[in-house]
Structures are given as C-alpha cells and as structure tokens.
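Since the structure comes first, as structure tokens, the remarks are kept for the end.
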Amino acid sequence: AYDPSPVVVDNFVIRLSENGTIYKLTATESSVKTHSLMRYKHRGSKAYGMESSPAVWGKYMYFSDNIGNILCVDIETLKPVWHYDNRDDSDATVVVAEEADGVYLYCGSAVDKQGDSGYCRFIKLNAKTGECLWESKIGCRKMNFGEKKREGGMFSTPLLGHGDCEGLIFTNICGMGSDNGTFVAIDRASGKIVSRTRLQFYAWSSPVALYTPEKEMYVVTGDVVGNLYLIEAKSGKIIKTFKGGNNFESSPIVVDNYIVVGSRGREIHKFEIY
C-alpha cells in the first residue's frame, strides 16, 4: 500500500511504500519501470513502512518511517547518508527549511509504540549531518473515538511561517494535554511553544497559509469532525470556524481568496475567505 505521495526529481519518480521499499522509477507515456530500489534494516525493529511523504533538497531525500527512523538518502545512488532515531512512529512529512545559517529539517512523531501516553518529539535537525539542534517534548495521549483508540502526536505536515510570522513553524498536535486537538506555533530557533490554540477536535489535515498585502499571515486547517478553522497566525486567535464536511483528512489548497479541500463523504468543498 502507499500512503506517501510520490515526488519527481529530475527524470525520476521517487515513491516510498508501506513495506519499507524506496522505489526510483522512470516513466513514459506508456510505461513505468523500476530504475533502482532501496531497502534497509534497523536492528531490533520490524515495522519499516513509510506513511509520510519524502522531502527533497538538492540531491538528498529525507523521510521518516513507522518506527521513528529519520533518514537522509542520496537520490543518485539510493544509499543512506545519515540516520536519526526519533523513537516512535512518524507519519508527518519532514519539512526542509533554508535558513540564514544553514539548511534544517523539522519533524514530529506520534504517540503509538510508547503506550497510551508519551511524547510527540518535535525536532530540528541539521539537514547535512543529521545533528539534532533541539528537541521539543510535547506530552500527548491516545484518545478514544467510539470503539477505536486514536494515536496522539503529530500527523499533519508542519507549516513554515513567513511575513509577520518569520521564524515560527506551525503544526497540529493530537491529544496534547487535556485538548483533543491543538494548533501550536513553535519558535524555530529554540523549539519553544509560543502559542497554542484549542481546536474542537484533533486534526490530521495539514495547515496552509494565506497572506494579506501587508504580509500578515493567516492559517486554515481542518479537523476530523468537519470543522475548518481560519486562524490569525501571530496570535493563534480563531477568526472563524466553518462547519463543512464529515472529516477533513486531506489538506486544503489556496487559490486566490478561496480554500478548496476534500472531505469524507465523497465531497469537495470550496470556501471564500473575506
């Protein structure tokens, strides 16, 4: 099965799979062929599948897997460059950021193999070496949803702040403290949480940004019971809540002054921001 999205690099398509195989493919109008592939092992662990999508910087690809490995892989050779152990399942896609003093990765984990409670470890790594610059340990718990128990932690791709939020990064956290769902802003230099916004329920959908002509940043994100939130990014204040679909698992896109997002129930919604 394939949860990760493929990525095109030069003349190749890179695809990660849930059986732990990384495929480097060539594609034409009539066929798709495997150019090369990579499999890897980590001592003492069995679940190598990937549910997050790869991120690319130059010739390097970065991804996380279901046991907490974060890998840097040379795309040309499909050989690992470095490895970091983030200690639990990581479904959130790694974010690459070119900053004034270097290139960095941001990634967060779920609370899965830790038990009913534990930590979402949101980390900043040096993209070239894998060195950890900081680790923000966010206490989270699993949540009961009917007869099912849902994992806590981070599942949405973090969002880099720009404009009046330069230097921040935003993400959704499931089961943080007493909240079911929390939208947080984190300082990219220190890893400290600078604001937290309580949502009505937890969110798997990734947040997206909108900017005014004055470079004021606003964020739209959806939760799993069909709420879509418009948030003033700098303060964390919810400006408006739209009740839309049954469950927003897919991430919205921004088109001019509109938000388009898919929902469970075979629906696609379009919202106007005004």
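Worth pointing out:
- Considered as a group, the residues in region 231-258 that are among the small types (Gly, Ala, Ser) and closer than 13 Å to Tyr218 by Cβ include one that is surrounded by the most Cβ atoms within 10 Å (Cβ to Cβ), and that residue is Ala233.
- For Gly153: the one exception among (1) exposed (fewer than 15 other Cβ atoms within 10 Å of the Cβ); (2) under 29 Å from Met61 (Cα atoms): (1)
- Within region 33-45, the residues that satisfy the criterion of being open to solvent by 100 Å² or more (accessible area, probe 1.4 Å) and modelled with pLDDT of 90 or more are Lys33, His35, Arg39.
- Each residue in region 173-197 was checked for being open to solvent by 20 Å² or more (accessible area, probe 1.4 Å), modelled with pLDDT under 95 and touching a strand residue (DSSP E or B) at 6+ places or on another chain (Cβ under 8 Å), and 2 of them qualify.
- Listed here are the strands (runs of 3 or more DSSP E) enclosed by region 48-122 that have at least 3 residues being open to solvent by 40 Å² or more (accessible area, probe 1.4 Å) and more than 30 Å from Glu166 (Cβ to Cβ): 79-85.
- The single condition among (1) farther than 20 Å from Asn180 by Cα; (2) modelled with pLDDT under 95; (3) not hydrophobic (A, V, I, L, M, F, W, C) that Glu214 does not meet is (2).
- Any chance Phe170 is in a strand (DSSP E or B), closer than 17 Å to Glu216 by Cα, at pLDDT 95 or above and open to solvent by less than 10 Å² (accessible area, probe 1.4 Å): yes
- Scanning region 7-32 for residues that are over 19 Å from Gly68 (Cα atoms) and loosely packed, with under 15 Cβ neighbours inside 10 Å turns up Val8, Asp10, Asn11, Thr26, Ala27, Thr28, Glu29, Ser30, Ser31, Val32.
- Restricting region 225-274 to residues that are touching a residue at least 60 places away in the same chain (Cβ under 8 Å) and within 19 Å of the chain's Cα centre (by Cα), the residue that is nearest to Asp164 (Cα to Cα): Ala233
- For region 4-13, the set of residues classified as touching a Lys or Arg at 6+ places or on another chain (Cβ under 6 Å) and not aromatic (Phe, Trp, Tyr) consists of Pro6 only.
- Filtering region 198-226 to residues that are open to solvent by less than 10 Å² (accessible area, probe 1.4 Å) and more than 14 Å from Cys174 (Cβ to Cβ) leaves Met217, Val219, Val220, Gly226.
- Test: residue in region 184-202 that is outside any loop (DSSP other than H, G, I, E, B) and touching a helix residue (DSSP H, G or I) at 6+ places or on another chain (Cβ under 7 Å): no
- Tyr62 vs. criteria aromatic (Phe, Trp, Tyr) and more than 23 Å from Ala127 (Cα to Cα): no
The values are calculated or read from the model by the stated rules, or taken from the named source; none is laboratory data. What you see is a predicted model, and the numbers here were worked out from it, not measured in a lab. All Cβ positions, even for glycine, are placed from backbone atoms using ideal geometry, and neighbour counts span all protein chains on display. For accessibility, only protein heavy atoms count, side chains too; no ligands or nucleic acids. Shrake-Rupley method; radii C 1.70, N 1.55, O 1.52, S 1.80 Å.
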